[in-house]
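Student: Structure in structure tokens, see below.
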């Protein structure tokens, strides 16, 4: 198999596991956990993902290989997820969720880092490979929802574990990039923030991707309150993922033409439009059109950051940079804004989306500095 096929297969199994993991709150609830307890379990996992992710990246850079770390992390995530079935008590579940969050936090940033490094070497094209992950996420979400609806939530941890186990089985066959081991340095991750392109990419991602918190947490509830059926809501979410897949798979020329700053500008502008219109509770045809903007609000900003990380970060620090970007660009701001969105939605309903429009729109202030930082040569940027 080609390098692209092996990486795509790995990403497909991991994204499938990640998609099914979204059904775990149903399993927790059916085991008697209260909403507050479920929030504590999920919060612990999310927090430790943020804290542990950069450590995995540092280890991978230090040994100059991502594959052994991915093998270990995927096997650990599979085993820990399966161990959910051994208990229904709160404290053991909290411990398992925290440990599983630590293990799983390695997989996405290291796999993305590997794909970008291989793309830099000309061994694959990043967009179509990443599109496989998004497609697997969409298919797994639909299939798991259908299956769990028929057999019950008891199957959820076993399905998630199977997805991680499939990733672990495929991980030893991943290609390795020609990356030299990084010299040990106690503050290697912090030194990356001396790079203006890197810190601006993290900042833009935090604002634009973090602003998806209201969508991930409360869009389905908001749309249900408008009278849309669960089937319609599922189709709306799937529509956004399809738009994302198309940009990843077919948007290479557009990506190269816009560059990091242009992509972030489009993502920020599209976010203002998307979240403002969503807050106004439009009729279904308008909402269906707006959902297509997921290709801009999510995929364009992801592309922007990946271009920066692949061009302006030294190869020997790529895994650390990717893990820091995942933790500080996705994990921490999404978790924080999820709390804010919950508070706003409980008091003001759909107006929570207006707050997200303001957050994402503020990323437009960073477009100019990002353009200047990314028009330097990579050597100047580093």
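Student: Going by what's in this entry, would residue 46 be described as at pLDDT 85 or above and either in a helix (DSSP H, G or I) or touching a helix residue (DSSP H, G or I) at 6+ places or on another chain (Cβ under 7 Å) (or both)? Before the answer, list the steps.
Tutor: Working: at pLDDT 85 or above: no; either in a helix (DSSP H, G or I) or touching a helix residue (DSSP H, G or I) at 6+ places or on another chain (Cβ under 7 Å) (or both): yes.
No.
Student: Does residue 353 count as in a helix (DSSP H, G or I), crowded, with 18+ Cβ neighbours inside 10 Å, modelled with pLDDT of 90 or more and not assigned by TED's automatic domain parsing to the domain that holds residue 69? Walk me through it before giving the result.
Tutor: On the way: in a helix (DSSP H, G or I): yes; crowded, with 18+ Cβ neighbours inside 10 Å: yes; modelled with pLDDT of 90 or more: yes; not assigned by TED's automatic domain parsing to the domain that holds residue 69: yes.
It is true that residue 353 is in a helix (DSSP H, G or I), crowded, with 18+ Cβ neighbours inside 10 Å, modelled with pLDDT of 90 or more and not assigned by TED's automatic domain parsing to the domain that holds residue 69.
Student: What is the one condition in (1) over 18 Å from the mean Cα position of the chain (by Cα); (2) at pLDDT below 90; (3) under 19 Å from residue 298 (Cα atoms); (4) surrounded by fewer than 16 Cβ atoms within 10 Å (Cβ to Cβ) that residue 233 does not satisfy?
Tutor: (4)
Student: If you check 83, 2, which single one turns out to be assigned by TED's automatic domain parsing to the domain that holds residue 158, touching a helix residue (DSSP H, G or I) at 6+ places or on another chain (Cβ under 6 Å) and surrounded by fewer than 18 Cβ atoms within 10 Å (Cβ to Cβ)?
Tutor: Values: 2 fails: touching a helix residue (DSSP H, G or I) at 6+ places or on another chain (Cβ under 6 Å).
Unique residue meeting the criteria: 83.
Student: Another one. Within region 49-60, is there a residue that is at pLDDT 90 or above, assigned to a helix (DSSP H, G or I) and either buried (at least 24 other Cβ atoms within 10 Å of the Cβ) or in the same structural domain as residue 317 (by TED's automatic domain parsing) (or both)?
Tutor: Step one: list which residues in region 49-60 are at pLDDT 90 or above, which gives none.
Checking region 49-60: not a single residue is at pLDDT 90 or above, assigned to a helix (DSSP H, G or I) and either buried (at least 24 other Cβ atoms within 10 Å of the Cβ) or in the same structural domain as residue 317 (by TED's automatic domain parsing) (or both).
Student: Hey, another quick one. Taking only region 225-249 into account, find how many residues are more than 17 Å from residue 290 (Cβ to Cβ), without any contact (Cβ under 8 Å) to a residue 40 or more places away in the chain and part of a helix (DSSP H, G or I).
Tutor: 2
Student: Conditions: (1) assigned to a loop (DSSP other than H, G, I, E, B); (2) within 18 Å of residue 338 (Cβ to Cβ). Residue 33 meets all but one. Number of the miss?
Tutor: (2)
Student: For region 264-279, state whether one or more residues are surrounded by fewer than 23 Cβ atoms within 10 Å (Cβ to Cβ), farther than 21 Å from residue 200 by Cβ and within 18 Å of the chain's Cα centre (by Cα).
Tutor: no
Student: Please specify each residue of region 275-287 satisfying the condition of being in a helix (DSSP H, G or I) and without any contact (Cβ under 8 Å) to a residue 40 or more places away in the chain.
Tutor: Taking region 275-287 first, the residues in a helix (DSSP H, G or I) are 275-279, 284-287.
If the condition is that a residue be in a helix (DSSP H, G or I) and without any contact (Cβ under 8 Å) to a residue 40 or more places away in the chain, then 277, 285, 286 are the ones that fit.
Residue-by-condition table, conditions (1) crowded, with 23+ Cβ neighbours inside 10 Å; (2) assigned to a helix (DSSP H, G or I); (3) modelled with pLDDT of 85 or more; (4) more than 18 Å from the chain's Cα centre (by Cα):
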{"residue": "289", "(1), (2), (3), (4)": "no, yes, yes, yes"}
{"residue": "299", "(1), (2), (3), (4)": "yes, yes, yes, no"}
{"residue": "306", "(1), (2), (3), (4)": "yes, yes, yes, no"}
{"residue": "310", "(1), (2), (3), (4)": "no, yes, yes, no"}
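Student: From the list 219, 197, 279, which residue is under 23 Å from residue 340 (Cα atoms) and modelled with pLDDT of 90 or more? Explain how you work it out, then say what you get.
Tutor: Numbers: 219 fails: modelled with pLDDT of 90 or more; 197 fails: under 23 Å from residue 340 (Cα atoms).
On inspection, the qualifying residue turns out to be 279.
The values are calculated or read from the model by the stated rules, or taken from the named source; none is laboratory data. Please read all numbers here as calculations on a predicted model, not as lab measurements. FYI the Cβ positions are ideal-geometry reconstructions off the backbone, even for glycines, and counts take in every protein chain you see.
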